[in-house]
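Here is the structure we will look at, set down as C-alpha coordinates.
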Amino acid sequence: ELYIKNCLDSVLNQTHSDFEIIVIDDGSTDDSVRRVNEYSDDRITLCRQKNKGVSGARNVGIRKCNSNYIAILDADDEWLPNHLENLLDLIKIYPDAAFWVSGYRKSTEKPSGYKRANQKFYIQAYLDSTLKNTSIAWTSAVLIRKDRFDRTGGFMENISHGEDKALWIEMCMDGYLGKSFLETAIYNVYDNTLS
(Lines give C-alpha, C1' and ligand atoms only; values in the text may rest on other atoms or scores of the structure.)
Protein backbone atom coordinates (compact mmCIF):
# COMPACT_ATOMS: atom_id res chain seq x y z
CA GLU A 1 0.00 0.00 0.00
CA LEU A 2 2.95 2.33 0.55
CA TYR A 3 4.15 2.12 -3.06
CA ILE A 4 1.28 1.16 -5.36
CA LYS A 5 0.12 4.73 -6.02
CA ASN A 6 3.56 5.87 -7.23
CA CYS A 7 3.81 2.71 -9.31
CA LEU A 8 0.42 3.16 -11.02
CA ASP A 9 0.95 6.90 -11.51
CA SER A 10 4.23 6.16 -13.29
CA VAL A 11 2.36 3.93 -15.75
CA LEU A 12 -0.52 6.34 -16.26
CA ASN A 13 1.97 9.15 -16.98
CA GLN A 14 3.56 7.33 -19.94
CA THR A 15 3.99 9.22 -23.22
CA HIS A 16 2.56 6.12 -24.92
CA SER A 17 -0.97 5.76 -23.57
CA ASP A 18 -2.49 2.80 -25.47
CA PHE A 19 -2.17 0.05 -22.85
CA GLU A 20 -4.05 -1.98 -20.28
CA ILE A 21 -2.95 -2.41 -16.67
CA ILE A 22 -3.51 -5.73 -14.96
CA VAL A 23 -2.91 -5.42 -11.21
CA ILE A 24 -2.50 -8.73 -9.42
CA ASP A 25 -3.25 -8.53 -5.71
CA ASP A 26 -1.39 -11.59 -4.47
CA GLY A 27 -3.18 -12.02 -1.16
CA SER A 28 -2.22 -8.65 0.33
CA THR A 29 -3.26 -7.93 3.90
CA ASP A 30 -2.84 -4.15 3.81
CA ASP A 31 -4.78 -1.36 2.05
CA SER A 32 -3.36 -2.03 -1.43
CA VAL A 33 -6.73 -3.02 -2.90
CA ARG A 34 -8.43 0.13 -1.60
CA ARG A 35 -5.66 2.27 -3.09
CA VAL A 36 -6.01 0.58 -6.50
CA ASN A 37 -9.79 0.95 -6.38
CA GLU A 38 -9.39 4.72 -5.90
CA TYR A 39 -8.48 4.92 -9.61
CA SER A 40 -11.34 5.31 -12.09
CA ASP A 41 -9.26 4.64 -15.24
CA ASP A 42 -10.90 1.99 -17.47
CA ARG A 43 -7.46 0.69 -18.44
CA ILE A 44 -6.92 -0.70 -14.92
CA THR A 45 -8.17 -4.19 -14.02
CA LEU A 46 -7.66 -5.53 -10.50
CA CYS A 47 -7.43 -9.31 -10.04
CA ARG A 48 -7.33 -10.73 -6.53
CA GLN A 49 -5.99 -14.15 -5.62
CA LYS A 50 -4.65 -16.12 -2.68
CA ASN A 51 -0.92 -15.64 -2.22
CA LYS A 52 1.03 -17.57 -4.87
CA GLY A 53 4.29 -15.65 -4.60
CA VAL A 54 5.92 -13.32 -7.11
CA SER A 55 6.24 -15.91 -9.90
CA GLY A 56 2.64 -17.05 -9.55
CA ALA A 57 1.38 -13.46 -9.57
CA ARG A 58 3.41 -12.61 -12.68
CA ASN A 59 2.27 -15.74 -14.52
CA VAL A 60 -1.40 -15.02 -13.79
CA GLY A 61 -1.04 -11.38 -14.83
CA ILE A 62 0.67 -12.25 -18.12
CA ARG A 63 -1.97 -14.84 -18.99
CA LYS A 64 -4.74 -12.28 -18.40
CA CYS A 65 -3.22 -9.72 -20.79
CA ASN A 66 -4.87 -9.15 -24.16
CA SER A 67 -1.77 -7.84 -25.94
CA ASN A 68 1.12 -9.88 -27.31
CA TYR A 69 3.50 -7.27 -25.82
CA ILE A 70 3.68 -7.26 -22.03
CA ALA A 71 5.71 -5.02 -19.75
CA ILE A 72 6.07 -6.06 -16.12
CA LEU A 73 6.29 -3.65 -13.19
CA ASP A 74 6.60 -4.67 -9.56
CA ALA A 75 4.41 -2.65 -7.20
CA ASP A 76 7.32 -0.91 -5.46
CA ASP A 77 9.10 0.21 -8.65
CA GLU A 78 8.46 2.97 -11.21
CA TRP A 79 8.84 3.87 -14.87
CA LEU A 80 9.96 7.21 -16.24
CA PRO A 81 7.41 8.72 -18.70
CA ASN A 82 9.29 7.51 -21.80
CA HIS A 83 9.63 3.87 -20.71
CA LEU A 84 6.98 2.27 -22.93
CA GLU A 85 7.87 4.54 -25.85
CA ASN A 86 11.51 3.45 -25.56
CA LEU A 87 10.52 -0.23 -25.53
CA LEU A 88 8.26 0.22 -28.56
CA ASP A 89 11.18 1.84 -30.40
CA LEU A 90 13.23 -1.27 -29.57
CA ILE A 91 10.58 -3.46 -31.20
CA LYS A 92 11.07 -1.50 -34.42
CA ILE A 93 14.85 -1.95 -34.24
CA TYR A 94 14.77 -5.63 -33.20
CA PRO A 95 11.36 -6.93 -34.41
CA ASP A 96 12.33 -10.60 -34.15
CA ALA A 97 13.78 -10.43 -30.60
CA ALA A 98 12.47 -12.89 -28.02
CA PHE A 99 12.14 -9.96 -25.60
CA TRP A 100 13.37 -6.41 -25.03
CA VAL A 101 14.77 -4.57 -22.04
CA SER A 102 15.34 -0.94 -21.20
CA GLY A 103 18.09 0.54 -19.10
CA TYR A 104 17.34 1.07 -15.43
CA ARG A 105 18.92 2.31 -12.25
CA LYS A 106 18.47 1.99 -8.51
CA SER A 107 16.72 4.87 -6.78
CA THR A 108 19.82 5.30 -4.63
CA GLU A 109 21.92 6.09 -7.74
CA LYS A 110 22.10 9.25 -9.80
CA PRO A 111 21.13 8.97 -13.48
CA SER A 112 24.23 7.79 -15.30
CA GLY A 113 23.79 9.86 -18.45
CA TYR A 114 25.79 7.06 -20.03
CA LYS A 115 25.26 6.91 -23.79
CA ARG A 116 25.62 3.48 -25.33
CA ALA A 117 24.21 2.04 -28.54
CA ASN A 118 21.37 -0.47 -28.44
CA GLN A 119 22.61 -4.03 -28.53
CA LYS A 120 21.52 -7.62 -29.20
CA PHE A 121 22.33 -10.22 -26.56
CA TYR A 122 22.30 -13.84 -27.66
CA ILE A 123 22.45 -16.60 -25.05
CA GLN A 124 26.27 -16.71 -24.81
CA ALA A 125 26.62 -12.95 -24.28
CA TYR A 126 23.75 -12.97 -21.79
CA LEU A 127 25.33 -15.81 -19.79
CA ASP A 128 28.78 -14.16 -19.89
CA SER A 129 27.30 -10.96 -18.46
CA THR A 130 25.29 -12.82 -15.83
CA LEU A 131 28.33 -14.80 -14.68
CA LYS A 132 30.23 -11.51 -14.28
CA ASN A 133 27.31 -10.35 -12.10
CA THR A 134 26.40 -7.69 -14.66
CA SER A 135 22.63 -7.56 -14.90
CA ILE A 136 21.43 -7.15 -18.48
CA ALA A 137 17.73 -7.67 -17.79
CA TRP A 138 15.65 -6.65 -14.78
CA THR A 139 12.02 -7.68 -14.58
CA SER A 140 10.50 -4.20 -14.20
CA ALA A 141 12.41 -3.02 -17.30
CA VAL A 142 11.45 -5.94 -19.56
CA LEU A 143 8.96 -6.18 -22.43
CA ILE A 144 8.10 -9.74 -23.40
CA ARG A 145 6.23 -11.33 -26.26
CA LYS A 146 3.31 -13.35 -24.92
CA ASP A 147 3.60 -15.90 -27.71
CA ARG A 148 7.25 -16.56 -26.79
CA PHE A 149 6.42 -16.56 -23.07
CA ASP A 150 3.69 -19.15 -23.69
CA ARG A 151 6.31 -21.50 -25.20
CA THR A 152 8.17 -21.49 -21.86
CA GLY A 153 6.98 -22.77 -18.53
CA GLY A 154 6.64 -19.15 -17.39
CA PHE A 155 8.27 -17.93 -14.20
CA MET A 156 9.22 -20.94 -12.07
CA GLU A 157 6.82 -21.00 -9.15
CA ASN A 158 8.77 -23.54 -7.12
CA ILE A 159 11.84 -21.32 -6.59
CA SER A 160 12.06 -18.04 -4.70
CA HIS A 161 15.29 -16.57 -6.09
CA GLY A 162 16.53 -16.29 -9.66
CA GLU A 163 13.17 -17.13 -11.23
CA ASP A 164 13.50 -14.10 -13.49
CA LYS A 165 17.02 -14.95 -14.69
CA ALA A 166 15.92 -18.53 -15.40
CA LEU A 167 13.14 -17.24 -17.66
CA TRP A 168 15.40 -14.75 -19.46
CA ILE A 169 17.89 -17.57 -20.18
CA GLU A 170 15.10 -19.77 -21.52
CA MET A 171 13.82 -16.94 -23.72
CA CYS A 172 17.36 -16.14 -24.97
CA MET A 173 17.64 -19.78 -26.04
CA ASP A 174 14.70 -19.02 -28.33
CA GLY A 175 16.44 -16.05 -29.97
CA TYR A 176 17.99 -12.96 -28.44
CA LEU A 177 17.09 -9.95 -26.34
CA GLY A 178 17.16 -6.40 -27.64
CA LYS A 179 18.66 -4.00 -25.10
CA SER A 180 18.42 -0.24 -24.76
CA PHE A 181 20.79 1.36 -22.27
CA LEU A 182 18.57 4.43 -21.89
CA GLU A 183 17.51 4.44 -18.22
CA THR A 184 13.71 4.53 -18.18
CA ALA A 185 12.91 2.36 -15.15
CA ILE A 186 13.65 2.93 -11.47
CA TYR A 187 14.37 0.08 -9.09
CA ASN A 188 13.29 1.58 -5.78
CA VAL A 189 15.47 0.44 -2.91
CA TYR A 190 13.82 0.28 0.50
CA ASP A 191 14.84 -1.36 3.76
CA ASN A 192 12.44 -4.24 3.03
CA THR A 193 13.42 -4.79 -0.64
CA LEU A 194 13.61 -8.52 -1.45
CA SER A 195 16.80 -8.53 -3.52
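The values are calculated or read from the model by the stated rules, or taken from the named source; none is laboratory data. Please read these numbers as outputs of a predicted model, since none were measured by experiment. Every residue, glycine among them, receives a Cβ derived from its backbone with ideal geometry; neighbour counts consider all protein chains shown. Each accessible area value is taken on the protein alone, full model and side chains, heavy atoms only, with ligands, DNA and RNA left out. Shrake-Rupley method; radii C 1.70, N 1.55, O 1.52, S 1.80 Å.
Please list, in order along the stretch 20-36, the HN-Hα scalar couplings obtained from phi with the Karplus expression 6.51 cos²θ - 1.76 cosθ + 1.60 (θ = phi - 60°), rounded to whole Hz, x for Gly and Pro.
Per residue, the Karplus-derived 3J(HN,Hα) values read 10, 10, 9, 9, 9, 8, 8, x, 5, 10, 10, 9, 4, 4, 4, 5, 5 Hz.
Trypsin sites (Lys or Arg not before Pro), restricted to the stretch 95-147: which are DSSP loop and have at most 12 other Cβ atoms within 10 Å?
Lys115, Arg116, Lys132
Can you put Tyr190, Tyr176, Tyr69 in order of accessible area, largest first, using a 1.4 Å probe?
Tyr69, Tyr190, Tyr176
Please turn the phi angles of the stretch 6-16 into ³J(HN,Hα) values with the Karplus equation 6.51 cos²θ - 1.76 cosθ + 1.60 (θ = phi - 60°), one per residue in order, whole Hz, x for glycine and proline.
Karplus values, whole Hz, x for Gly and Pro: 4, 4, 5, 4, 5, 6, 5, 8, 5, 5, 9.
When only the heavy atoms of the protein chains count and the probe is 1.4 Å, how do Leu73, Leu182 rank by accessible area, highest first?
Sorted descending by solvent-accessible area, the residues read Leu182, Leu73.
For the chain, what does the accessible surface come to per residue with a 1.4 Å probe? Please give it in Å². Before the final figure, lay out each step's value.
On the way: 10600 Å² over 195 residues.
Each residue of the chain exposes 54 Å² on average to a 1.4 Å probe.
Considering the options Leu127, Ile186, Ala75, tell which one lies farthest towards the positive end of the dipole of the chain, charges being +1 on Lys and Arg and -1 on Asp and Glu at the Cβ, about the Cα centre.
The one lying farthest along the dipole's positive direction is Leu127.
Can you flag which of Lys5/Lys120; Lys52/Lys120; Lys52/Lys146; Lys5/Lys106; Lys92/Lys120 are past 23 Å Cα-Cα?
Beyond 23 Å: Lys5/Lys120; Lys52/Lys120.
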